[in-house]
Amino acid sequence: MGPALIDLVEKWIIQDKIKNIHVDSNYQLNIEDAYTIRDYDIVIFLDASVEDIDGFMLTRVLPADKVNFSMHSVSPSFVLHLCKEIYDYTPEAFLMHIKGYSFDLEEGLSRKASENLNLAFNFMKDLLSGPEISTKHLTGQFS
């Protein structure tokens with residue numbers, strides 16, 4: 001879901017010639033991502049979710065030194081912690097959870113997952129197309 005949303009946002013950025021927004025898509029988060037996020041004021045991580053949520057949800061990410069490392073990835077909170085420790089900087093960070101339904105290896109998204117992806121994309125477009133993205137806008141809507 002994350003890479004699919006990044007693709008949509010990237011196409012929108014190019015089509016509308018939007019400046020000051022950078023997108024990056026990886027299969028999984030790695031410790032090296034602390035280097036990438038050190039250059040940004042606001043970072044929004046994206047991921048599919050198995051949680052019982054309605055379409056999508058945005059939550060704040062705080063630095064945490066607990067290493068949630070697995071064969072899959074490190075957590076956004078640990079990447080944020082590394083950024084703080086190595087670069088003495090902590091961008092405002094959020095995690096967009098997009099409700100997924102089937103996580104088996106297969107081509108494409110289910111109809112419902114595609115609907116959730118479109119809801120998340122429309123939210124991101126509204127959020128990112130404002131005159132200036134600020135954490136005030138984010139925290140005012142989601143805590």
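A compact table of results
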quantity	calculated
The range 1-43 shape via C-alpha gyration tensor axes, a/c threshold 1.5	oblate
Segment Asp7-Tyr101, extension gain: residue separation times 0.36 nm, minus the distance between their alpha carbons	31.8 nm
Label-reachable residues, the range 85-127, where backbone N falls under 11 Å from a point 7 Å from Ser49's Cα toward its Cβ	95-100
Computed lengthening from Asn122 to Arg60, 0.36 nm per intervening residue step minus Cα-Cα distance	20.4 nm
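Each value in this text was obtained by applying a stated rule to the coordinates, not by laboratory testing. The shown structure was predicted, so the numbers you read here are calculated from the model rather than taken from an experiment. Here Cβ is always computed from backbone atoms with ideal geometry, including for glycine, and neighbour counts include all displayed protein chains.
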